[in-house]
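Data first, discussion second: the structure below is written as structure tokens.
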Amino acid sequence: MSFAQTVLALLADGEFHSGPALGQATGRTRTAVWKAIQVLQKTGLEIYCVRGRGYRLAQPVELLNRERILATLDAGTQQAVQQLDVYHEIDSTNARLLEVARQGRGSGHICIAECQRVGRGRRGRQWVSPPGGNLYLSLLWRFHAGATALGGLSLAMAVAVMRALREIGLNSAQLKWPNDILVDGQKLAGILLELAGEATGPCAVVVGVGLNIRTPAAEMLAVEQPWTDLESALGKTVLRNELAASLLNHLLCAIADFERQGLAPFMAEWAQRDILADNEITLDLPTGPLQGVARGVDENGALLLARNGELQRHHSGEVSVRLSAKMDRSVVRGDEQ
Ligand code: BTN
């Protein structure tokens, strides 16, 4: 644990702690404490400094804790998890696991971080990843079949995240193809799948989930798309370690089901929560926009688009989606976050 993290652990209760008290608790000078506070502030944490009282976090924080997450996993998930790494700060949990994959290590490696310096979103965009309130979680899984057999995996993963959200009481979330999770048309979570390996031979997939839980608005100014967070949607405090464990339970169970049965066990849940179904949409293709009516997804996860009396299939990664201008605001303008 870095010195800044040690100071953060002391501040996590949201109470005031004086410089001398923090110095005494850590065996360091007040100047060292002040420097640690600056390091923490640079990562995006809001810390008040009040003369005569000391330092306090704007809000108490439940820090991510590896042991607490492990202890909350289902027995089956505990067996499937080969390694669980919890970082305070990292470039990107996905990038980390892609490195692990290239070193040839196997399924069930998990990486979770308190914040990411260069969190990655779909289409090369940034995933804004401030510390203290959200979840940034990635999972590495090896498939015996090649990447071509993985059509639909990102949709199955979105359904798994929905299951975890339902478990903590959120029933209003919806899915937007290929794998955005929205509440009232505002983005709550995003999923990024990255592949290491060949299209035909065995391959490794990194599934990255970014979930807004308690998101500091000041850090999200650069995000153009409407977004929300789980605590606002639920109106209650969320225990992040419990939620991380629940996400892992559902993701690992879903990935194993997907490997055996493909998208079939997820199709009904997808259809129930599909925000695009039967709406007029516009697909932006490299060749130009296409308008049509969304008709759900096929067993490979392709979006079905009805136009000119025929049903077209569009695969994830090829297109982006937005509702036509005349549709309601539930819709997501852009694809950022
Ligand atoms: C999207 O653009 O909707 C996908 C966002 C995925 C973000 C997550 S956060 C954990 C993992 N690590 C990353 O760098 N990105 C994914």
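The values are calculated or read from the model by the stated rules, or taken from the named source; none is laboratory data. Because the structure is a prediction, the values reported are computed rather than measured. Reconstructed Cβ throughout: ideal geometry from the backbone, glycine too, with neighbour counts over all protein chains shown. Just so you know, the surface numbers come from the protein's heavy atoms only, side chains and all, with ligands and any DNA or RNA stripped out. Shrake-Rupley method; radii C 1.70, N 1.55, O 1.52, S 1.80 Å.
For this structure, a couple of remarks:
- Of all residues making up the range 89-111, the number that are more than 10 Å from the ligand (Cβ to nearest atom), in contact (Cβ under 8 Å) with a residue 24 or more places away in the chain and more than 20 Å from Leu252 (Cα to Cα): 2
- Of all residues in the range 89-107, those satisfying the criterion of being touching a Lys or Arg at 6+ places or on another chain (Cβ under 8 Å) and farther than 25 Å from Asn134 by Cβ are Gly106, Ser107.
- Looking at Ala145, Ala158, Ala149, just one residue is open to solvent by less than 10 Å² (accessible area, probe 1.4 Å) and either more than 16 Å from the ligand (Cβ to nearest atom) or under 12 Å from the mean Cα position of the chain (by Cα) (or both), and that residue is Ala158.
- Given (1) more than 23 Å from Ala189 (Cα to Cα); (2) in a loop (DSSP other than H, G, I, E, B), number of the condition Gln79 does not satisfy: (2)
- When the range 281-337 is filtered for residues that are over 26 Å from the mean Cα position of the chain (by Cα), open to solvent by 70 Å² or more (accessible area, probe 1.4 Å) and either aliphatic (A, V, I, L, M) or modelled with pLDDT of 55 or more (or both), the ones remaining, listed by number, are Pro286, Thr287, Pro289, Gln291, Arg295, Asn308, Gly309, Glu310, Leu311, Arg313, Ala325.
Yes/no matrix, rows are residues, columns are (1) part of a strand (DSSP E or B); (2) open to solvent by less than 80 Å² (accessible area, probe 1.4 Å); (3) free of Cβ contacts under 8 Å to residues at least 12 places away in the same chain; (4) more than 24 Å from Pro226 (Cα to Cα):
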| site | (1), (2), (3), (4) |
| --- | --- |
| Leu22 | no, yes, no, yes |
| Val33 | no, yes, no, yes |
| Gly44 | no, yes, no, no |
| Tyr87 | yes, yes, no, yes |
| Ala113 | yes, yes, no, no |
| Ser129 | no, yes, no, no |
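- Residues of the range 187-218 classified as closer than 23 Å to Trp177 by Cβ and open to solvent by 20 Å² or more (accessible area, probe 1.4 Å), total: 5
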